[in-house]
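Data block below; observations after.
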Protein chains: 4
Amino acid sequence: MTSRAPDPGRRNPRSRAAILAATRELLAEAGFRALTIEKIAARAGVGKQTIYRWWPSKGAVVFDALLALSETPEGAESGTPGTVELPDTGDIDADLRTVLRATVAEFADPAFEAPLRALYIEMITDADLAADYRRRMAAPINEAKRRRLRTAQEQGQLHPDADLDLIVEMLYAPLTQRWLLGTGPLDRDFADRLVTNALHAARAPGAAAPDDQRE
Amino acid sequence: MTSRAPDPGRRNPRSRAAILAATRELLAEAGFRALTIEKIAARAGVGKQTIYRWWPSKGAVVFDALLALSETPEGAESGTPGTVELPDTGDIDADLRTVLRATVAEFADPAFEAPLRALYIEMITDADLAADYRRRMAAPINEAKRRRLRTAQEQGQLHPDADLDLIVEMLYAPLTQRWLLGTGPLDRDFADRLVTNALHAARAPGAAAPDDQRE
Amino acid sequence: MTSRAPDPGRRNPRSRAAILAATRELLAEAGFRALTIEKIAARAGVGKQTIYRWWPSKGAVVFDALLALSETPEGAESGTPGTVELPDTGDIDADLRTVLRATVAEFADPAFEAPLRALYIEMITDADLAADYRRRMAAPINEAKRRRLRTAQEQGQLHPDADLDLIVEMLYAPLTQRWLLGTGPLDRDFADRLVTNALHAARAPGAAAPDDQRE
Amino acid sequence: MTSRAPDPGRRNPRSRAAILAATRELLAEAGFRALTIEKIAARAGVGKQTIYRWWPSKGAVVFDALLALSETPEGAESGTPGTVELPDTGDIDADLRTVLRATVAEFADPAFEAPLRALYIEMITDADLAADYRRRMAAPINEAKRRRLRTAQEQGQLHPDADLDLIVEMLYAPLTQRWLLGTGPLDRDFADRLVTNALHAARAPGAAAPDDQRE
DNA sequence: GCCTAAGCGAGACGGTACGTCGTGTCTTACC
DNA sequence: GGTAAGACACGACGTACCGTCTCGCTTAGGC
């Protein structure tokens, strides 16, 4: 079982960084369709085998390239990578507006958008990668979102029965969809309307009905 | 300008049908990654050039394969393809439940799911294809959804100011997201909860804030 | 059976010629160890697949490159490719000297030597190629050599029982060996001594002992 | 200058033996084309560097593997490796028959044949290796052959002017050629005919004409 | 009996070439 | 002129070895 995996202790961190940087550059310059393992290796000044040795797929490289982007700009190995926290001014409406507007801004930044788009494409046909993404990227962020909503709920700003998990999806899925497919403008107004409507749902009585009648 | 376009009158309908059928079969059997123009041509007993002559990209073939699936099972060229209508029993809540549960069922059908997934992947990197999809497939369906909500609004089941376009997105985007990325179970319960929460939003006062400051 | 072989009628003769020319050039420039399919394809301006489609191995390409060298310098498709004839002045000794000296000269010509050396290396590990070589290149030449010796034998210049096949091998194998391995100088003197000694053997009485006691 | 050469005193004889044994095994099992440094190292349980440290090329390893085969099966470091002696019963004809038949038998033994064939291939493109082979393996054997012929010559069994060096080549080159390229059966009959004809040449008057007219 | 330098197993590394697959274009022969 | 067939130049795939390089670990002598 342990016999096939290479020893991470021997891994050359310079090569790793060069590969991730090359991946980001190529995505920003030419888009996902032009991203090939050969070009990454050539740009990074690295043998192809070094990529195949450490990543199971091109999607996994893209994933790491994106992760590396979020991490330590330069300094220490990031304080506590798992702890994400949303702003809490006491006003759930304003706070969500802030957060969704920030997300809209991220989607407008090519340096972030290009690798993320590439990652989504890979995830759609690679369930393993999708699971990895959920576990390592999405899960902590979603947890933070739910936490913020729960605080608001406890403070009486949301209905005690509100279906908080669903509210999170209703907030973000429309955003993601417009970004991925261009099905509509992706601006602050859209973010604001999403917040307004999602919070209406979360304030209504009898929101959650988890008496799951199985299909 | 006219010199390059092939004459559609001379097009061989048997070849066209064979190509679309082969595309669907290959997608169902082996998934999107294994779908190649060469395999489609071989399976359809058709020259590669016949595909390149009539479709601008592989995504366009997939699109047509999916369209052909929705159309006339065998008989006439379908009465009026543009006219979609949602059920209207007078109870918006029940009707939406019916419709979303049907969508959930569609996503569970491999014959439908495989080409649609392939199409989504293509659209994410092909804006032209995405625009085509919106115009020819999504637009009429979305129009029907909005129509049904407007009827309910006019009957007083929804708030007069409800942001109906947004409600449609909040209903369907979470569904699509779970399907594409597997971010959660995709069942009747989820559909029902979506309907419940979206309608809460649509019944709240002051829903829409159409003081749309365009970006 | 016939299904796997490509149709030679569709073969592009310009590509074929370019491949063989590139092979000869690369061999002359850098020797056998530097000869790769990729370099041949690049130099010939040809896709690798075009080589793999028409030749079963690198050795087969080298073989054809060598054959093409011997054929039609430019004009017609060569009169009768199979008919080789050695000089016959009536003096077997002088004629053999002429022929072996010519062989020595050939081995000194890099344009001929390089591909032939490459071909020998391939043949040593590829029995199929070796058989092909014997059938298409060596056989007609050996037949001509035996013919010339037989004429001399009929004219009484050689013993009636002389083992002519063996004499041919004793004439040429030492030449080939010195060429391949550099086991000694390869000059006209060596050629002359080979002729002298081989003819001594061919003139001795009781040369052949075909009372083959099988091992 | 002395800084780069490793100290032979520190060489691990167990590794050396394992490498040579692995080389022979791999050659016998899969032939020359499958012989790689990596496979040798893996089979021998040795680091690649240990091979690169002590041998300049793969051919050199093969050479040593072959040498080790001829040497001491296990015991002492072989009496005097340089001293080879051909049988001498007083009958040159019978003795040569014995020796050539033994050579034929060697070529039929895969344990000996496989490394020797590999060595020949290397020598054809590696002049240094060829020179080494001549000096350390071929020279003493050829010297013994010439010695035996000279003895026969002194006893009047061969002509006083016989070109003994050439006779040796005419005896062995045809044998080697048939072995390497499979140009004909390699059996006792062939060996016997070679001896008969070569000795005819060696008994004829005026054999050698070393009045070398330089080309 | 310690120290240090070498050989050693292991295997990551930057590369080159392999042989295969798919792309989109072109050509040939048929209808 | 559309079509089935498939050759073509091209480029990427994922794998195998190359020869070099760094790691710890053993294993001498030399002190």
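The values are calculated or read from the model by the stated rules, or taken from the named source; none is laboratory data. This is a predicted model, so every value here is computed, not measured. Using ideal geometry, Cβ is built from the backbone for each residue, glycine included, and neighbour counts are taken over all protein chains shown.
Numbers below:
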item	result
Complete set of residues in segment B:9-60 that are within 30 Å of residue A:123 (Cβ to Cβ) and of a type in the set (D, E, K, R)	B:24, B:25, B:29, B:33, B:38, B:39, B:43, B:58
Of all residues in segment A:30-39 being outside any helix (DSSP H, G or I) and within 14 Å of chain B (Cβ to nearest Cβ), the one that is farthest from DNA strand F (Cβ to nearest atom)	A:31
Residues of segment D:123-174 satisfying the condition of being of a type in the set (Val, Ile, Thr) and farther than 23 Å from residue D:188 by Cα	D:124, D:125, D:151
Verdict on residue D:149 being within 26 Å of residue C:182 (Cα to Cα), part of a helix (DSSP H, G or I) and within 12 Å of chain C (Cβ to nearest Cβ)	no
Residue match in segment B:143-166 (condition: at pLDDT 95 or above, among the polar types (S, T, N, Q) and within 17 Å of the chain's Cα centre (by Cα))	no
Residue within segment D:116-125 that is in the same structural domain as residue D:192 (by TED's automatic domain parsing), within 16 Å of DNA strand E (Cβ to nearest atom) and either touching a Phe, Trp or Tyr at 6+ places or on another chain (Cβ under 8 Å) or among the polar types (S, T, N, Q) (or both) present	yes
Odd one out for residue C:100 among (1) within 16 Å of DNA strand F (Cβ to nearest atom); (2) in the same structural domain as residue C:178 (by TED's automatic domain parsing)	(1)
First in segment B:27-42 and under 24 Å from residue A:58 (Cα atoms), second anywhere and away from DNA strand F (no atom under 14 Å from the Cβ) and among the polar types (S, T, N, Q), Cβ under 9 Å, 6 or more apart	B:35/B:23
Residue check, residue C:36 near DNA strand E (Cβ under 10 Å from one of its atoms), surrounded by 11 or more Cβ atoms within 10 Å (Cβ to Cβ) and among the β-branched types (Val, Ile, Thr)	yes
Test result for residue D:187, at the interface with chain C (Cβ under 10 Å from one of its Cβ atoms), charged (D, E, K, R) and within 28 Å of residue C:128 (Cβ to Cβ)	yes
Candidate set: segment B:168-184, residues that are more than 7 Å from chain A (Cβ to nearest Cβ) and in a helix (DSSP H, G or I); chosen: the one nearest to residue A:135 (Cα to Cα)	B:178
Filtered residue count, segment D:139-157, keeping only those that are of a type in the set (Val, Ile, Thr) and in contact with an Asp or Glu (Cβ under 9 Å, 6 or more places away or on another chain)	1
Counted residues, segment C:5-38 - those being farther than 17 Å from residue C:68 by Cα, basic (Lys, Arg) and under 25 Å from the mean Cα position of the chain (by Cα)	1
Meets criteria (outside the structural domain of residue C:108 (by TED's automatic domain parsing), at pLDDT below 95 and within 12 Å of DNA strand E (Cβ to nearest atom)) for residue C:4	yes
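This table checks each residue for (1) more than 14 Å from every other protein chain (Cβ to nearest Cβ); (2) within 14 Å of residue A:119 (Cα to Cα); (3) within 13 Å of DNA strand F (Cβ to nearest atom); (4) in a loop (DSSP other than H, G, I, E, B).
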position	(1), (2), (3), (4)
A:15	yes, no, yes, no
A:23	yes, yes, yes, no
A:28	yes, yes, no, no
A:41	yes, no, yes, no
A:51	yes, no, yes, no
A:59	no, yes, yes, no
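Here is a yes/no grid of residues against (1) closer than 13 Å to residue A:191 by Cα; (2) more than 14 Å from the chain's Cα centre (by Cα); (3) away from every other protein chain (no Cβ under 14 Å):
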{"position": "A:87", "(1), (2), (3)": "no, yes, yes"}
{"position": "A:93", "(1), (2), (3)": "yes, yes, no"}
{"position": "A:97", "(1), (2), (3)": "yes, yes, no"}
{"position": "A:102", "(1), (2), (3)": "yes, no, yes"}
{"position": "A:112", "(1), (2), (3)": "no, no, yes"}
{"position": "A:116", "(1), (2), (3)": "no, no, no"}
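So that you can scan it fast, the table gives a plain yes or no per residue for (1) in contact (Cβ under 8 Å) with a residue 24 or more places away in the chain; (2) basic (Lys, Arg); (3) surrounded by fewer than 17 Cβ atoms within 10 Å (Cβ to Cβ); (4) assigned to a helix (DSSP H, G or I):
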position: C:102; (1), (2), (3), (4): no, no, yes, yes
position: C:105; (1), (2), (3), (4): no, no, yes, yes
position: C:116; (1), (2), (3), (4): yes, no, no, yes
position: C:121; (1), (2), (3), (4): yes, no, no, yes
position: C:124; (1), (2), (3), (4): no, no, no, yes
position: C:131; (1), (2), (3), (4): no, no, yes, yes
position: C:136; (1), (2), (3), (4): yes, yes, yes, yes
position: C:140; (1), (2), (3), (4): yes, no, yes, yes
